[in-house]
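Enquirer: Take a look at the following structure, please.
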Amino acid sequence: MYLEHALAAIVFQAIIGYSTGRWWTGAALASGYFIGREIAQAEYRWIEMFGAGLRANMPWWAPFDRRVWLTLDQYVDWIGPVVTTSGLAAFMSRK
C-alpha cells in the first residue's frame, strides 16, 4: 500500500507537534527517517546488483544511482512522507 509510510510519518509528526508545538521539527524527523530507510535499501540493491555482494565495492554515490530505483513504490515510500508532513506542518503553522 502506497500510503503506509505517509500515514506513519504523520502519526510520528503529530506526536512531536502536539507535545512540543514544533510541527516542522516533526516533519523533518519523520521524513528523514523514511528518506534514510530508502537510501539504505538502495545501497543494498546496488551492492547486490553491481557490487558483487561486497559493501567495499560500493562508491559513495551508489544509493543515488538511478539504476537501483526500479519501482514506483521505492519513490513513493520517501516522497509520500515528505509531501504529507510538509503539508501538515505548513497548515499547523498557519493555524
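The values are calculated or read from the model by the stated rules, or taken from the named source; none is laboratory data. Note that the coordinates shown come from a computational prediction; the quantities given were computed from them, not determined experimentally. Here the Cβ is made from the backbone with ideal geometry for all residues, glycine too, and neighbour counts use every protein chain on show. Accessible surface is based on the protein model in full, side chains and every heavy atom, while ligands, DNA and RNA are left aside. Shrake-Rupley method; radii C 1.70, N 1.55, O 1.52, S 1.80 Å.
Enquirer: Could you give every pair whose Cβ atoms fall below 8 Å, whose first residue belongs to the range 32-51 and is without any contact (Cβ under 8 Å) to a residue 40 or more places away in the chain and surrounded by fewer than 18 Cβ atoms within 10 Å (Cβ to Cβ), and whose second residue is outside any helix (DSSP H, G or I) and acidic (Asp, Glu), counting only separations of at least 6 or pairs across chains?
Expert: Note: pairs meeting the criteria are Phe50/Asp65.
Enquirer: Something else: Filter the range 66-87 for residues that are part of a helix (DSSP H, G or I), among the hydrophobic types (A, V, I, L, M, F, W, C) and open to solvent by 40 Å² or more (accessible area, probe 1.4 Å) and give the result.
Expert: Result: Leu72, Trp78, Ile79, Val82, Val83.
Enquirer: Would you check if there is a residue in the range 51-61 being within 16 Å of Tyr2 (Cα to Cα) and part of a helix (DSSP H, G or I)?
Expert: No, the range 51-61 has no match at all.
Enquirer: List the number of the failed condition for Met58; all other conditions in (1) within 18 Å of Ala89 (Cα to Cα); (2) open to solvent by 20 Å² or more (accessible area, probe 1.4 Å) hold.
Expert: (1)
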